[in-house]
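Read the structure below first, then the notes.
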There are 2 protein chains.
Amino acid sequence: MFSLIYRFYFHLPASRIHYYLTRSITTSIYPQTVSDILKTKPIGSSVSLIGSLENVRKLKTQYFLDFIDGSSLNHLQVIVSGKNLPDVGKLNFGSTIRVNGTIVRSTHPQQEIELQAKQIDIIGSCDAFNYPLKCKTKHSFHFLRSCEQFRARDRMYGGALLSIRSELFYLIHNYFHEHKFTHIQTPCITSSDCEGGGETFKIKEYYSQSTSQMKEYFDKQTYLTVSGQLHLEAAASGLSRVYTLNPVFRADKNLSRFHLAEFWMLEAEIAGITKLEQLLDIYKHILQTVTANLRQNCREQFRLLEEYDIKPEFIDQFFLDKYSIVTYDEAVGYLKKSDEFQDFPKNGDFTRAHENYLCQKIMNNQPFFLINYPKEVKPFYMLVNDDECTVANFDFIFPSVGELSGGSLREHRYERLHKTVELLKLDDELDWYLDLRRYGSMPTAGFGLGIERFLIALTGIDNVRDVIPFPRYYQHCMS
Amino acid sequence: MFSLIYRFYFHLPASRIHYYLTRSITTSIYPQTVSDILKTKPIGSSVSLIGSLENVRKLKTQYFLDFIDGSSLNHLQVIVSGKNLPDVGKLNFGSTIRVNGTIVRSTHPQQEIELQAKQIDIIGSCDAFNYPLKCKTKHSFHFLRSCEQFRARDRMYGGALLSIRSELFYLIHNYFHEHKFTHIQTPCITSSDCEGGGETFKIKEYYSQSTSQMKEYFDKQTYLTVSGQLHLEAAASGLSRVYTLNPVFRADKNLSRFHLAEFWMLEAEIAGITKLEQLLDIYKHILQTVTANLRQNCREQFRLLEEYDIKPEFIDQFFLDKYSIVTYDEAVGYLKKSDEFQDFPKNGDFTRAHENYLCQKIMNNQPFFLINYPKEVKPFYMLVNDDECTVANFDFIFPSVGELSGGSLREHRYERLHKTVELLKLDDELDWYLDLRRYGSMPTAGFGLGIERFLIALTGIDNVRDVIPFPRYYQHCMS
């Protein structure tokens, strides 16, 4: 019956569709990997593999090679007699080889199988002296920053960290798919300077290679986006639950361990939310679900980080039953009672120092929501509360990281929004956004979560430059 | 046992992790949706919903509202008597309302349930006269381009197209996750002009709001990336199988239906591939798996597009057992025998007109691989074949779309690569990339697939501007 409907509507060969959906995964079309072999242990099989050398030892006339190919954190031991070797001098740490041989049962107690090589070809030799990565060395994150192009080859960096990062992205997509969100790809190039503050990259012009001149491309001033939120609100007004997971850009000169010029942001927007508490519950649910799955799926990778003394000290805190809620006024009260911050200004914004004080001294190193800021401190799009002074917003403060997220209900009342936007002289630029509230305005709420800061909290690594494969920051763009 | 290991390694409260991983999905934290109600049919339940009006009819003293909220392609019928209505004049198409009431069995034959409203509040009224979207109107893609901010609210555009697009992204991530690829987020800002051609956006400078001046930010010339491939090769040299699904940028003035200034590209890179045929097999496997799943998961959405006479004419072609392979030389032979292209130049590149001719006249409207181009036509990073004249590359040509993808084996031999890069005077800029081949060079192969062109082939929509939520092209950046 299904296949009949299917054929009827789509004019597709149903048997073929069925074939593609039910066939077993054809791993055989991919090159064979160390991971496959360690898992299936095909004793007696001939294999042909391409990979690198993690270590080379000589014992009498035989060479023992620790062979890796990026598919596993473990190596496959390759044994080869000297006479089958093309150029022993080139069998260095870091060299890339092709090895043909047979999988045999190992006599070595630490491994079940090994590869008896019949032929070895050196594909990419490696001058071990000048190669920045070194054999049997635990390269530190700090050191690896000096050779970004090779970081993925480091067992800890590539095998553990990049693998955790990849899984995190997957789990986020998975969560939102499961909860019926539509994934919207908000644009990087924008004519709307969303936050109305901060430093933005300008990209009005482009470089023409044919004439070596700068030229106009767009018909108006454009920037690299600092947030996809306004575009996401447009989508949420029709699709109810939407999210984006995109690069965003800040031309920030801050060289602290929390700042990048290009970083990744998860932003979600949900229609029909009219109470801040509901947004906080959803936010907590997302953090807890993603974190729990990540810890479960990446056990081996987290274990490897621990070997480098990298531990997420506060990870348990994600799983608290409740995250405390502190209003802006309460927080200011705490600061004014302190020794350091007695002169906190009226309607001032919190700096990292304030957040740290509150988190460590008042909240006992537990994460918490800071809510209801004065409207003067926050952007134009946040919903003004009934008190007419504060907005329905939250910042989520996490120990060791500081602000992990910000979110709010959105100002959906056209008259108020229009007035604010007019005062900011943004009504031309944001006319398209005002339209969303001019016609059938839908109450929405949402938040943004900086992925690199989240990764710091999840792993215990202490610098955002170390958790993104190719970091960009002030005066630094290696590749 | 598992929980013991878990606790031991991660110092986490195992019972709590277990709780988060096993609890049923807590949909109750999200606002209730039309989709939930149509599915669960909770007759007798009180509900409170926020959504919009798709249609309003009056029958005697009762109003019948077609109520939608973006969660379903179907509406929920709301019935309300005039006396419970706040302001009948504002109950227009496009208005946003909150409705409280009870789900009852419907007496109407076309629906099982309806919502008997006790109270209706108008949250966002809609001036139906000036609102670009109109009641009971099939808005064309062409018309919707004139009001990008509202497109997601259109049933066909938001409910069908954006939903198909979202599912496509999900299925791509799913495929690569299942096949053990690491998802690498390659950077948008780059100092490496990968393709060595085409127009690139320059972003060396940024605009400082505090001083209203242009300033330098990076220590060298930077661009918006046209491809993440070089960075992906760095990752593949350590991680074996990697992919990226990112925005890329071309400052192309071409206003054709195939060109955008910002679009999305899937790029994959696989280590250990030394034969072009193996890359072609993997590429075919990806296309077929993703396409089959998309057709299966989005049946309802494709059906809705058909109501607009939008049909993917050539979709069956994705499921061919074999995609034909045509060498560059063979293709030139076909062109020279034609009436139109007899004077095709030696080592010329194919234009869309050539591709169309080959696809329609020679290949009988079936997709095919064009392989082994002269090295002069293609970028520096492609592997030179043994004939010393051609490279191990492919372009994939699909009927109605033209070039859907390009890919190749990569030149992994350092001496050759260095020579080419030096001739192009790119050795400074690409020194980091040369390093990958200088030290332990790993043979890799990969391809790029333009997502918007893929969506055209998958849906039958004929313009890339219509398959991306917020299109950017020459002189156009609406928001």
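The values are calculated or read from the model by the stated rules, or taken from the named source; none is laboratory data. These numbers were taken from a predicted model, which means no experiment stands behind them. Cβ placement follows ideal geometry from the backbone for every residue including glycine, while neighbour counts extend to all protein chains displayed. These accessible areas exclude ligands, DNA and RNA; they are computed on the full protein's heavy atoms, side chains included. Shrake-Rupley method; radii C 1.70, N 1.55, O 1.52, S 1.80 Å.
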Among B:Lys39/B:Lys118; B:Lys58/B:Lys136; A:Lys284/A:Lys419; A:Lys425/B:Lys202, the pairs whose Cα-Cα distance exceeds 24 Å are A:Lys284/A:Lys419; A:Lys425/B:Lys202
Other residues with Cβ under 15 Å from the Cβ of A:Gly272 give, with Lys and Arg +1 and Asp and Glu -1, a net charge of -1
With a Förster distance of 60 angstrom and the Cβ-Cβ distance between B:Thr102 and A:Asn364, calculated FRET efficiency to the nearest 0.05 equals 0.80
At the level of C-alpha centres, the distance separating region B:122-171 and region B:345-409, in angstrom, is 38
In whole angstrom, the spacing between the Cα centers of region A:74-119 and region A:258-292 equals 49
Shortest first and in nm, the label-point separations between B:Gln296 and its counterparts in the other identical copies (7 Å out along Cα→Cβ) come to 2.3
With the label set 7 Å along Cα→Cβ, A:Glu330 is separated from its counterparts in the other copies, in nm and shortest first, by 7.3
Taking only protein heavy atoms and a 1.4 Å probe, the highest-to-lowest accessible-area order of A:Lys337, A:Lys253 is A:Lys337, A:Lys253
Expressed as a whole number, the average count of other chain Cβ atoms within 10 Å around the Cβ atoms of B:470-476 is 5
Among beta bridges assigned by DSSP with both residues in chain B, the antiparallel ones amount in percent, to the nearest 5, to 90
Judged on accessible area alone, 1.4 Å probe, highest first, A:Lys180, B:Lys83, B:Lys311, B:Lys202 line up as B:Lys83, A:Lys180, B:Lys311, B:Lys202
About its Cα centre, chain B carries a charge dipole, from +1 on Lys and Arg Cβ atoms and -1 on Asp and Glu Cβ atoms, whose size in debye to the nearest 20 is 2200
In the neighbourhood of B:Ser256 defined by beta carbon distances under 12 Å, the net charge of the other residues (Lys, Arg +1; Asp, Glu -1) is +3
Expected field for B:Ser125, accessible surface area in Å² at 1.4 Å probe radius, rounded to 10, holds 50
Over all viewing directions the Cα convex hull of region B:35-137 casts an average projected area in nm² of 6.4
Computed for region B:357-412: size of charge dipole around the Cα centre, +1 on C-beta of each Lys and Arg, -1 on C-beta of each Asp and Glu, debye to nearest 20, value 220
Straight-line reach check, B:Lys336, cutoff 16 Å on alpha carbons, 8 or more apart in-chain or any other chain, hits among lysines -> B:Lys346, B:Lys361
Cα-Cα pairs in the protein assembly as shown separated by more than 47 Å, as a whole percent of all pairs, come to 28
Mean other chain Cβ within 10 Å across B:174-184 is 5
Rh (Kirkwood, all Cα-Cα pairs) for chain B, Å, reads 26.3
Relative contact order in percent for chain A (Cα pairs under 8 Å, 6+ apart) equals 12
In debye to the nearest 20, the charge dipole size for the protein assembly as shown, taken about the Cα centre with +1 at each Lys and Arg Cβ and -1 at each Asp and Glu Cβ, equals 2020
FRET efficiency for A:Lys322 and B:Leu38 from the Cβ-Cβ distance with R0 = 35 Å, rounded to 0.05, comes out at 0.55
Projected onto the charge dipole of the protein assembly as shown (unit charges on the beta-carbon of Lys, Arg, Asp and Glu, signs +1, +1, -1, -1), the Cα from B:Ile103, B:Ala236, B:Gln475 with the largest positive-side position is that of B:Ile103
What helix-only [θ] at 222 nm does chain A give? Using -39500 (n - 2.57) per DSSP H run of at least 4, over all residues, to the nearest 500, the answer is -8000 deg cm²/dmol
On complex formation of B with A, accessible surface lost, both sides summed, probe 1.4 Å, nearest 100 Å², amounts to 13300
Note: A:Lys134 to A:Asp87 extended length (0.36 nm per residue) minus current alpha-carbon separation gives 14.8 nm
The relative contact order of region B:33-190, taking Cα pairs under 8 Å that sit 6 or more residues apart, comes to a percentage of 19
Filtered hits (lysines, Cα-Cα < 18 Å from B:Lys134, offset >= 8 within chain) -> B:Lys90
For B:Lys361, the accessible surface traced by a 1.4 Å probe with all protein chains present amounts, in square angstrom to the nearest 10, to 130
Label points for B:Ser28 built 7 Å along Cα→Cβ; distances to same position in the other copies, nm, shortest first, come to 5.1
If R0 = 56 Å, then A:Asp309 and A:Glu376, at their Cβ-Cβ distance, give a FRET efficiency to the nearest 0.05 of 0.80
From most to least accessible, 1.4 Å probe, no ligand or DNA/RNA atoms counted, B:Ser324, A:Ser191 line up as B:Ser324, A:Ser191
Once all protein chains are kept in place, A:Thr390 shows an accessible area at probe 1.4 Å, nearest 10 Å², of 20
